[in-house]
Amino acid sequence: MEQILKVDNLVKKYNDSYAVKNVSFKVNKGEVLAIIGSSGSGKSTILRCINQPEKIDSGNITINEDSMVKEIKKEKVIYNSKDILNKMNLECGMVFQSFNLFPHLSVLQNVTEAMTQVLKMDFKEANKKALKILTDIGLKNKVEQYPCSLSGGEQQRASIARTLAIEPQIIFMDEPTSALDPELVGEVLKVVKELASQKRTMVIVTHEIQFAKEIADRIIFMSKGEIVEEGTPEEVLDNPKKKRTKEFLKRYSS
């Protein structure tokens with residue numbers, strides 16, 4: 001299997017407390033990894049470290065053999081060159097729980113923005129590609145509307161469309177349904193399931209345990225910044241070995 005992402009002994013601290021402590025995992029091409037755990041367990045922090053809004057304190061992150069860290073000097077992380085970091089960033093697509101759409105741009109413009117500004121794609125070509133993606137995702141009739149006139153589910157689908165437009169090697173989703181009303185969750189999960197069926201490489205932080213079970217090839221359960229258990233959905237969710245995993249799942253099923 002072709003490995004796309006490698007997280008190696010990742011450490012992230014805020015002051016003296018560990019948000020993420022010695023976390024290591026790999027993701028292969030076409031694989032869906034779901035990360036579960038209670039609030040404050042470090043799940044979202046890992047995504048922010050990989051996508052670079054957060055600086056790591058120790059360890060390393062590798063995407064397609066490009067290394068985020070050049071070296072560690074006197075226990076201090078020295079990041080790689082800007083060119084390599086930008087390349088790694090372009091290979092990642094991030095879907096946020098709060099949608100993060102530009103309110104002053106239409107749905108279509110939100111999707112074409114990165115294509116024309118970052119990838120320097122021709123405007124006509126970007127429009128054509130964006131329309132195709134938005135049609136596939138069920139937003140054909142919403143392309144001229146602004147985010148404020150969309151439902152939460154539609155906004156999140158537009159956010160997914162924007163991510164797909166840059167053709168990332170790996171898609172990250174941080175609690176993609178947590179800001180949605182319960183009746184809107186299904187339409188977003190349907191889109192994510194469709195992406196998984198297309199063998200898109202994805203890392204999804206989610207509190208939707210049943211969804212994680214249906215969609216993921218592998219599941220990581222985290223607690224207090226550490227990986228407690230990792231394996232297939234059957235191993236982690238149906239037959240957990242660790243006490244902390246069992247307690248967490250018991251709370252979710254009760």
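Computed from the coordinates by the stated procedures, all read-outs in this text should not be read as laboratory data. Remember, predicted model here, so these are calculated numbers, not experimental data. Cβ coordinates were reconstructed from backbone atoms using ideal geometry, including for glycine residues, and neighbour counts include every protein chain displayed.
Overall shape of segment 100-167 was characterised from the C-alpha gyration tensor. The equivalent ellipsoid obtained from it has semi-axes of 18, 12, 10 Å, in decreasing order.
Electrostatic tally near LEU108: other residues with Cβ closer than 12 Å to its Cβ, Lys and Arg +1, Asp and Glu -1, net +4.
Extension gain for GLU235 to LEU105 (0.36 nm times residue separation, less C-alpha to C-alpha distance): 42.3 nm. Taking 37 °C and 0.692 mPa s as conditions, the chain diffuses translationally at an estimated 173 µm²/s according to Stokes-Einstein applied to its Kirkwood radius (Cα pairs). Using just its DSSP H runs of length 4 or more, each adding -39500 (n - 2.57), the chain gives a mean residue ellipticity at 222 nm of -11000 deg cm²/dmol after division by all residues. Rounded to two decimals, what is Rg over Rh for segment 29-138 when you use alpha-carbon atoms and the Kirkwood radius? Ratio value, two decimals: 1.03. Each of MET115, MET121, MET202 was scored by other Cβ atoms within 10 Å of its Cβ. Listed from fewest to most, they are MET121, MET115, MET202. Between SER38 and LYS76, the modelled label-to-label distance comes to 3.7 nm, taking each label 7 Å out from Cα in the direction of the beta carbon. Charge tally around LYS243: other residues with Cβ under 15 Å, Lys/Arg +1 each, Asp/Glu -1 each, net +4.
Counted without the sites themselves, the longest stretch of the chain free of GluC sites (Glu not before Pro) in a DSSP loop having at most 12 other beta carbon atoms within 10 Å is 145-254. Looking at the square roots a ≥ b ≥ c of the eigenvalues of the Cα gyration tensor of segment 72-213, which shape do they give, rounded for a/c under 1.5, prolate if a/b is larger than b/c, or oblate? Because a/c hits 1.5 or more and a/b fails to exceed b/c, segment 72-213 counts as oblate.
Which is the longest part of the chain that has none of the trypsin sites (Lys or Arg not before Pro) sitting in a DSSP loop with at most 12 other Cβ atoms within 10 Å? Longest stretch, sites excluded: 121-198. Projecting the Cα atoms of ILE219, VAL27, LEU85 onto the charge dipole of the chain (Cβ charges, centred on the Cα centre) puts LEU85 farthest toward the positive pole.
Once you have a ≥ b ≥ c as the square roots of the Cα gyration tensor eigenvalues for segment 202-254, tell me rounded if a/c is under 1.5, and otherwise prolate or oblate according to whether a/b is larger than b/c. Because its axes are fairly even, with a/c under 1.5, segment 202-254 counts as rounded.
Taking label points 7 Å from Cα along the Cα-to-Cβ direction, ASP83 and ASP136 give a separation of 3.2 nm.
Rounded to whole Å, give me the distance from the Cα center of segment 215-246 to that of segment 90-162. When both Cα centres are located, 34 Å separates them. Fully extending the segment from GLU226 to GLN169 would add 17.9 nm, taking 0.36 nm per residue of separation and subtracting the current Cα-Cα distance. For the charge dipole of segment 100-167, defined by +1 on Lys and Arg C-beta atoms and -1 on Asp and Glu C-beta atoms about the Cα centroid, which residue among PHE102, THR116, ASN141 has the Cα displaced farthest towards the positive pole? Most positive-ward Cα: ASN141.
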